[in-house]
Structure formats: structure tokens, C-alpha cells
Amino acid sequence: MSAKGKKREQLTLEFSDNALLAAISGSQHRNFVRLEKSLDVRVDMRGNLISVEGEPEPRERAAAVLRSLYARAEAGDAIGAAEIDAEIRFVLHAPENGAVKDFGQPSIKTAASRVTRARSPAQAAYLDLMRTHPLVFGIGPAGTGKTYLAAAYGAHLLYERKVERLILSRPAMEAGERLGFLPGDLKEKIDPYLRPLYDALFDTIGDRATRLMETGVIEVAPLAFMRGRTLANAFVILDEAQNCTSAQMKMFLTRLGEDSRMVVTGDPSQSDLPGGRAEGLSEALTILSGVEGVATAQFSEKDVVRHPLVGRIVRAYDNQARGGFLPPRYRKDADSE
């Protein structure tokens, strides 16, 4: 890596457990390579020593990432690309004075042996809002962890016995397709629409989720089943809220009962309602802006925690929607029409 005319010095970190360092570095030091490319530093390991070479600010950021990863490994976390990227996101959003936070980013315990951690500053802020507000909107593109983290926080409240039930709901609407008649009983008909919520539950709670659903502690139901209910002592999640009409959104929000909390997640740019307008969600955000007890967590493509390509895909579509650049061959095709 080039020095680019700036001073590159070396910082040496000493750790007590060589085995943990091997876990952090990954197979063939692939995790260190990822860190080097992201922060423009060079990382070398000898025994229980890790040296970081680079310009002052990137060097300090890389050192903070390594300390955090070591603490995660000590806590029993598996270290992979996702954990590397998460810690890099946190240090890149550190205050301008260069101060960086080490291990201890917001985390929640969802089961006896499961801990979910925020993977970006936006996710950390989202967790804080869910802790302090009875109604939170999580708004942003796919892959930012809106639904997953909401389900994890609900599982955490169940584990801590702060709520009695976890209720997850979403509109039963196809993503631009017409599935037609679905065979089976009612549960079999609605399961395809609710599968993403099941996936989030099993990932955060494990096999225990099946027993909790059988006993009614966890309930996953389509939005249409919410009418007429009062949801007390519960954590309630409405997913894919961009597919709610104004009447559905008002109906859902007014289900909030005593000692309950709600999280509403959605991406206004991906509505499957006629005309592609997220009527219920957009209206609720406008009407409830400034209302005490209501907060909004806003995510962007920078907060995507799936494959890095997902963030670039979201950005490209956003640019096109704003009248941005289209490749020449697409412009030519459009002109010919």
C-alpha cells in the first residue's frame, strides 16, 4: 500500500491469548486482509503481538477494531466478515476528534446462549429508540436489519420477562405477483407471507421459538387479524408497513394496549399498493411527527448489512428514481420507444 506522502508509523498491540488471535485473524488471515483494505493499513501478527502500520487516524481506528474483536472473541462470539464490517462501521462513524469506542456496542440477550449486537451506528440508535419509546418507526431499504433487530428486541423483552407476548404481523400482499389460490388450511395459506418473520424469530431465539408459538407466547398473524383486538403487555411488530392502507395503519396503531410497545418497519420505496404509493406508512409518519412517545429510526443504503452489493444496488435504484444516470444502452432503448 502506498504511503501517499504521509507519515506511516507502526503501533503494536499485545494480547494474552494466542488462540483468540488466531480466531480473529481467520483462515489465511482473511479477516486482517479485510481490515487492511477497509482502513488502508497493514496488519501483521507474531505470537500474541499484532502490529498495525498506517497513517495516524486509520491506525488508531484499526487498533480499536482489533481490541473490540478480541473482546468479542473473549465473550464467545464467532468472528467473521460480518463482525469485522460491523466494527469498521462503528469506528468510521466515530467523533471527528478521533475518539473511538471499543467493545461494548449495543447488544441484547435473546436467549440463554444468544446475543444480538448492533452492526451499525444506525442500528445502535434504533435499539436505543426501542428502549425509550412505546412506538418506533424503522424506515429504510432492505437489508438494514429493521425487522431482524425489532424481532430480536422483542425476544429480549420476553427473555427479561418485561412483556408477556411477542406479536408479529404484516399485510398479506404479494410482492408484485399474483399467487392465486393457495392450498391447505388457514395457517398454510398465510405462512408464505409471514416466513420472513419466522426466519427472524428462529435466528434470534432458536428452536425455543416453536414451543413459544405453540403456547401462544409468540404470535405471528396477518394484519387483517388485528382488528378488534387490544394488545396489552406485549411487544408488537408490524413488518412491511409500506403495504398498509391508511385505514389499516390507523387500525393497527390503535391496538396498542397497557404496558405494550410497538415497532413499525417499512421501506416506502417498495410499496406493492396500487400506484406504488406507501399511503398508510407515509401518512402515519407525517401525522405522528412530533407526537410524544413516537420516534423514527431512518436507515439508508450505507446501513445495509447484507452482501456489500446490496447497498450498491439500493443506491443505483435510488439514483435512477431521482433522475440520475442510466447506462447509454438503456437510454438508447428508451429513446427508440
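Ligands, DNA and RNA are left out, and with a 1.4 angstrom probe the accessible area of the range 226-302 is 48 Å² per residue. Between ASN48 and LEU11, full extension at 0.36 nm per residue minus the direct alpha carbon distance yields a gain of 11.9 nm. Among the listed pairs LYS250/LYS302; LYS162/LYS250; LYS109/LYS250; LYS109/LYS146, those whose Cα-Cα separation exceeds 28 Å are LYS250/LYS302; LYS109/LYS250. With r as the distance between the Cβ atoms of ALA75 and GLU160 and R0 = 25 Å, compute the FRET efficiency 1/(1 + (r/R0)^6) and round to 0.05. Between GLU160 and ALA75 the formula returns 0.85. Taking every Cα-Cα distance in the range 13-162 and sorting them into 5 Å bins from zero, the calculated P(r) comes out as 2, 9, 18, 20, 18, 14, 10, 6, 3, 0, 0 percent. Extension gain for GLU283 to ASP207 (0.36 nm times residue separation, less C-alpha to C-alpha distance): 23.6 nm. For MET262, the residues 5 or more places off, or on other chains, whose built amide H falls under 5 Å of its own are LEU135, VAL136, VAL236.
Sorting the segments 115-123, 206-214 by their mean number of nearby beta carbons within 10 angstrom, highest to lowest, gives 115-123, 206-214. Normalised per residue, the accessible area of the range 1-79 is 55 Å², obtained with a 1.4 Å probe and no contribution from ligands, DNA or RNA. What is the percent carbon and sulfur in the accessible area of the range 214-325, measuring with a 1.4 Å probe over the protein chains and ignoring ligands? C and S atoms contribute 51 percent here.
The values are calculated or read from the model by the stated rules, or taken from the named source; none is laboratory data. The model shown is predicted, which means the values in this text are computed figures rather than measured ones. Ideal geometry is used to build each Cβ from the backbone, glycine not excepted, and the neighbour counts take in all protein chains shown. Quick note on the areas: whole protein, heavy atoms, side chains included, nothing else; ligands and nucleic acids left out. Shrake-Rupley method; radii C 1.70, N 1.55, O 1.52, S 1.80 Å.
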